[in-house]
1. How do 4, 215 rank when sorted from fewest to most other Cβ atoms within 10 Å of their own Cβ?
2. Could you calculate the FRET efficiency of residue 288 with residue 74 from 1/(1 + (r/R0)^6), where r is the beta carbon distance between them and R0 is 25 Å, rounded to 0.05?
3. How much length would be gained if the chain were fully extended between residue 12 and residue 312, taking 0.36 nm per residue of separation minus their Cα-Cα distance, in nm to one decimal?
4. Please give the FRET efficiency for residue 266 paired with residue 340, using the beta carbon to beta carbon distance and R0 = 45 Å, rounded to the nearest 0.05.
5. Using only the Cα atoms of the chain, build the gyration tensor, take square roots of its eigenvalues as a ≥ b ≥ c, and label the shape rounded, prolate or oblate: rounded if a/c is under 1.5, else prolate if a/b is larger than b/c, else oblate.
6. So which residue, out of 287, 347, 170, gets the largest mean-square fluctuation from a GNM of the chain using Cα contacts under 10 Å as springs?
7. So which residue, out of 135, 343, 110, gets the largest mean-square fluctuation from a GNM of the chain using Cα contacts under 10 Å as springs?
8. Please find, in a Gaussian network model of the chain (springs between Cα atoms separated by less than 10 Å), the residue of 98, 273, 363 whose mean-square fluctuation is greatest.
């Protein structure tokens, strides 16, 4: 055993040496170096953790994943975290859980309505469509870019079963109003927190206000597993259902490598199967296999150790960009935090005013020419996406702010990859273009 530990220590030392040589920081050169909107930030620890997982030769979900789920649950202050292979899969599993037959008349069925927004990422809304429910689109507010809560009562119908919305770009939607609305009308609340890990409202983590919530660990997000995501909840029934959907739809809840946790493996009669049919191969719902590998979880563990620092840098970059661009408030609408929220910013949203003397497209092109990367607010308006023409939906009002977002809004990065020198350069670029 000591020989193996000696070898592992040698490997660790070589990994650090390799990292320090292969991933040397490069000096920032204005106009030549890219200013990114997002990306992975890592050091030798991530490579070491991944290697340790590989050396265990346990390639499916295992001890690293169990530790990651436990530590993330403690961080968020929630009872259960279930990892999945992407944020999109997290949304699928979370919404699937709300359709389960165990929920009785409260479950979401085909034809039921789900309140959401069109200014969104597709896979926040896609599970609604996949289960035959009807999205009901509300407008968003500017400069918060969150659901307009004044429209909630107008959106309500006898078919309404849930509210499914994302905390946009690390900001937070009005959880006081949303939770009160859901409680009043006995609706499910699913919080998509893929862009908002670490954001709080009244000091409480987002995702802990509703019934179930989701995260993404794609490289653009606050921490990364390469590909990965999570579903989290404090509702034990929903946790069990979500786990089943994630794990092939099976009725058994044994962890990988374990058998007969329930003690009833060979003594039940379920479905039309014969008595004693192996419980490990009984499926109670139409599920998926959306688990991650232990190597991904190992990467996530190393990233989780850096999460607080990542969020601190994101907030610092957001504040510095706000101060830098405030001089152009006559031409640009700058983003603002929702009252009572402490956002965990994903990006810095900017809306170009109609009388700014420049269009969004022109400004974005000029910034990209100067190596300042930009992105639009995801799908802009899902109703206008090519694939959405095949689906039914309902809207409340004309969604005027959503139209503004489609035509006039974009964002720049606050990622920990960006430093003060880069933000100063971004300020110069805006000065050259708008000054």
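What follows draws every value from the coordinates through simple rules; no lab data is involved. As the structure is a computational prediction, the values presented were derived from the model and not from experiment. We place every Cβ from the backbone using ideal geometry, glycine too, and count neighbours over all the protein chains shown.
1. Working: 4 9, 215 27.
If I rank by nearby Cβ atoms, fewest first, I get 4, 215.
2. Values: r = 27 Å, r/R0 = 1.08.
It comes to 0.40.
3. Working: separation 300, 0.36 × 300 = 108.00 nm, distance 2.86 nm.
Length difference between fully extended and current span is 105.1 nm.
4. Values: r = 54 Å, r/R0 = 1.19.
That pair, residue 266 with residue 340, gives E of 0.25.
5. Working: a/c = 2.37, a/b = 1.17, b/c = 2.02.
Judged from the Cα gyration tensor, the chain comes out oblate (a/c at least 1.5, b/c at or above a/b).
6. 287
7. 110
8. Top of the fluctuation ranking is 273.
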